[in-house]
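Trainee: Right, I'll just put the structure down here and ask away after.
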Amino acid sequence: MLPIMALLIVLFLTILIAHYLKLQWSRRQYPPGPTPLPIIGNLWTLNFMLHHEILTQLAKTYGNIFTVWLGHKPVTVLNGCQSIRDALISHSEELAGRPTTPTYQGLTSGKGVIFSSGHIWKQQRRFGLMTLRNLGLGKNSLEARIQEEAKSLVEFFALIKGKSLDPSPAIIHSVGNVISAVIFGHCFSRDDKEFHQLLEANDVVAKRLASPWNRVFDVFPWLMQRLPGPHQDIFKSNAILEEFLKKEIRSHKENGALEEPQDLMDFYQDKISKDPHDVSSTFDEHNMVRLAADLFLGGTETTTTTLRWALLYMVIHPEIQEYVQKELDAVLGASQIIHYEDRKRLPYTNAVIHEIQRMSHIVPIGLFRETVKETSLQGFSIEKGSLIIPNLFSALIDPDHWETPQQFNPGHFLDKEGKFINKEAFLLFSAGHRVCLGEQLARIELFIFFTSLLRVFTFRLPEGVKNLNMDPIFGSTLQPHPYQICAVSC
């Protein structure tokens, strides 16, 4: 028995050594990075997750383009504004792919727009952009829906009469209703249990995408698929989300085609009916479900999380909150409806909103890209099929572009005359061909919701509470810890 055990141990060690030597040989063709270990690569160094701060620290040792190994998979990391812009904008075409990771494949089967590539991605993205415009993006019709939900949120806070509350559920519901109107053509009441279940499932998917469990799942899918654990939650919640969407599709079919499409599902069904025999078409019910899921995920998570951070920053910076309120009063008065166009007359408020986004950096790491052809990034040759991730956080704190990168400073977005200025390092929504599909909608929502709340309420800590936890909860988005505040009428 002992000789057999000894032989197995020797065999195992031989395989490990061979794998290690193979890794050392392979890594010569990639940008430099920490030395990978057999089987797990650099997962130990990364604490089993792609954490933006760890990647930023590694860049100080290995440069702004470096390689980390997720198991046996090398990933090229882009760090700093210049490296990210050069890759995502100057080489946008080459970096337009999305890899087929086990997690992505398990969630979407390569359908929809966020996790798809090639012909599917191009058709679904083009359709998504066109439909958002048809439904009023950038026009008064969609703004009116956002204004209505902002008014509803203000009325809800007013009912609390300055008492302590957790603002998150009300914010999530109001923001979720905006994208629901776009996708489904209708909204949901605050006591709708099924909608609450949908929002909770959506939240789980957003939180779990970047978890250490899913990093391990991507390295050992054949094992993790068979084991229980937190990594299974994302797939269960995704199933809840997809079932809800399928139910909405059935409802739309039962109601029949309308003469004028009223929502994304109407437009999509109309598109399917017009191209039933087009073999090049990717328009089918599976892609319809995934496109709707992608829009719902992106359309609720980012704006909701940013608004939650916004109220926190106003509480800990009361002088900035007061200055915003003075500008709103001076420019808009008491009765005027707020429009996105008003941002041009509210430079300080606009700067504060952008600084909230910069400091909260809620999507610190961009989704994986895959090179669709060989390219060169700042002197490094990157072969076709390579995995790339941009550390967006590093651009948002790049000392070459921000005067006080670690401090909350609206002056980052103001010139000497107090006029608003755009900054090229503000890469919150990524860049290039795969820039966020819902960027414009998110900008409009954030501006109207934020200004609607600040012109009516002053946000303060509850009596007896002295401190707030400003450390983020790590996930695919960086969320604040649950908190209580008071919305006091101005």
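The values are calculated or read from the model by the stated rules, or taken from the named source; none is laboratory data. These figures come from a predicted structure and were not determined experimentally. Here the Cβ is made from the backbone with ideal geometry for all residues, glycine too, and neighbour counts use every protein chain on show. Ligands, DNA and RNA are stripped out before the accessible areas are found, and what is left, the full protein with its side chains, is counted by its heavy atoms. Shrake-Rupley method; radii C 1.70, N 1.55, O 1.52, S 1.80 Å.
Trainee: Yes or no: region 199-217 includes at least one residue that is more than 20 Å from the chain's Cα centre (by Cα) and either under 24 Å from residue 365 (Cα atoms) or not in a helix (DSSP H, G or I) (or both).
Mentor: Scanning region 199-217 turns up at least one residue that is more than 20 Å from the chain's Cα centre (by Cα) and either under 24 Å from residue 365 (Cα atoms) or not in a helix (DSSP H, G or I) (or both).
Trainee: Of (1) over 30 Å from residue 407 (Cα atoms); (2) open to solvent by 30 Å² or more (accessible area, probe 1.4 Å); (3) not small (Gly, Ala, Ser); (4) not in a helix (DSSP H, G or I), residue 282 satisfies all except one. Which?
Mentor: Condition not satisfied by residue 282: (2).
Trainee: Scan region 326-373 residue by residue and report those that are out of contact with any strand residue (DSSP E or B) (no Cβ under 7 Å at 6 or more places or on another chain) and among the acidic types (Asp, Glu).
Mentor: Across region 326-373, the qualifying residues are 327, 329, 341, 342, 355.
Residues checked against (1) within 21 Å of residue 188 (Cα to Cα); (2) surrounded by 10 or more Cβ atoms within 10 Å (Cβ to Cβ); (3) modelled with pLDDT under 80:
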{"position": "223", "(1), (2), (3)": "no, yes, no"}
{"position": "235", "(1), (2), (3)": "no, yes, no"}
{"position": "249", "(1), (2), (3)": "yes, yes, no"}
{"position": "253", "(1), (2), (3)": "yes, yes, no"}
{"position": "258", "(1), (2), (3)": "no, yes, yes"}
{"position": "277", "(1), (2), (3)": "no, no, yes"}
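Trainee: Starting from region 159-174, take each residue that is in contact (Cβ under 8 Å) with a residue 24 or more places away in the chain and list its partners that are surrounded by fewer than 16 Cβ atoms within 10 Å (Cβ to Cβ) and aromatic (Phe, Trp, Tyr), counting only C-beta distances under 9 angstrom and pairs at least six apart or across chains.
Mentor: Final answer for the pair search is none.
Trainee: Another question about this same structure. Test of understanding: among 117, 109, which residue is open to solvent by 10 Å² or more (accessible area, probe 1.4 Å), farther than 23 Å from residue 431 by Cβ, in contact (Cβ under 8 Å) with a residue 60 or more places away in the chain and of a type in the set (Ser, Thr, Tyr)?
Mentor: 109
Trainee: Turning to a different aspect of this structure: I'd like to verify a number: residues in region 258-279 that are without any contact (Cβ under 8 Å) to a residue 24 or more places away in the chain and of a type outside the set (Asp, Glu), how many?
Mentor: Residues flagged as without any contact (Cβ under 8 Å) to a residue 24 or more places away in the chain and of a type outside the set (Asp, Glu) within region 258-279 amount to 8.
Trainee: Here are the criteria: (1) touching a residue at least 40 places away in the same chain (Cβ under 8 Å); (2) open to solvent by less than 40 Å² (accessible area, probe 1.4 Å). Tell me which single one residue 194 does not satisfy.
Mentor: Condition (2) is where residue 194 drops out.
Trainee: For residue 292, which of the numbered conditions (1) more than 28 Å from the chain's Cα centre (by Cα); (2) open to solvent by less than 10 Å² (accessible area, probe 1.4 Å) fails to hold?
Mentor: The single condition residue 292 does not satisfy is (1).
Trainee: Let me ask you something else. Taking residue 154 as the residue in question, decide whether it is of a type outside the set (Gly, Ala, Ser), surrounded by fewer than 22 Cβ atoms within 10 Å (Cβ to Cβ), modelled with pLDDT of 95 or more and not in a loop (DSSP other than H, G, I, E, B).
Mentor: Criteria met by residue 154.
Trainee: Scan region 386-408 and give yes if some residue there is under 16 Å from residue 77 (Cα atoms), over 21 Å from the mean Cα position of the chain (by Cα) and crowded, with 21+ Cβ neighbours inside 10 Å, otherwise no.
Mentor: Yes; the residues of region 386-408 include at least one that is under 16 Å from residue 77 (Cα atoms), over 21 Å from the mean Cα position of the chain (by Cα) and crowded, with 21+ Cβ neighbours inside 10 Å.
Trainee: Now for a separate question. Return a yes/no flag: does region 419-426 have any residue that is in contact with a Ser or Thr (Cβ under 6 Å, 6 or more places away or on another chain) and open to solvent by less than 40 Å² (accessible area, probe 1.4 Å). Step through it out loud before you land on a result.
Mentor: Of region 419-426, the ones in contact with a Ser or Thr (Cβ under 6 Å, 6 or more places away or on another chain) are none.
No - not one qualifying residue is present in region 419-426.
Trainee: Kindly list the number of the only condition in (1) open to solvent by 70 Å² or more (accessible area, probe 1.4 Å); (2) in contact with a Phe, Trp or Tyr (Cβ under 8 Å, 6 or more places away or on another chain); (3) of a type in the set (A, V, I, L, M) that fails for residue 334.
Mentor: All conditions are met except number (2).
Trainee: Please indicate, with yes or no, whether at least one residue in region 126-134 is more than 13 Å from residue 283 (Cα to Cα), open to solvent by 10 Å² or more (accessible area, probe 1.4 Å) and either touching a strand residue (DSSP E or B) at 6+ places or on another chain (Cβ under 8 Å) or without any contact (Cβ under 8 Å) to a residue 60 or more places away in the chain (or both).
Mentor: yes
Trainee: Let me ask something else about it. I need the full set of residues from region 447-490 which are over 16 Å from residue 315 (Cβ atoms), at pLDDT 95 or above and open to solvent by less than 10 Å² (accessible area, probe 1.4 Å), in order please.
Mentor: 447, 448, 449, 451
Trainee: Does any residue in region 233-257 that is among the hydroxyl-bearing types (Ser, Thr, Tyr) come within less than 7 Å, Cβ to Cβ, of a residue that is crowded, with 18+ Cβ neighbours inside 10 Å six or more places away or on a different chain, and which pairs are these?
Mentor: Listed pairs, sorted by first residue: 237/201; 237/204; 237/205.
Trainee: Given the criterion out of contact with any Ser or Thr (no Cβ under 7 Å at 6 or more places or on another chain), surrounded by 14 or more Cβ atoms within 10 Å (Cβ to Cβ) and not β-branched (Val, Ile, Thr), identify the matching residue among 364, 318.
Mentor: After applying the criteria, what remains is 364.
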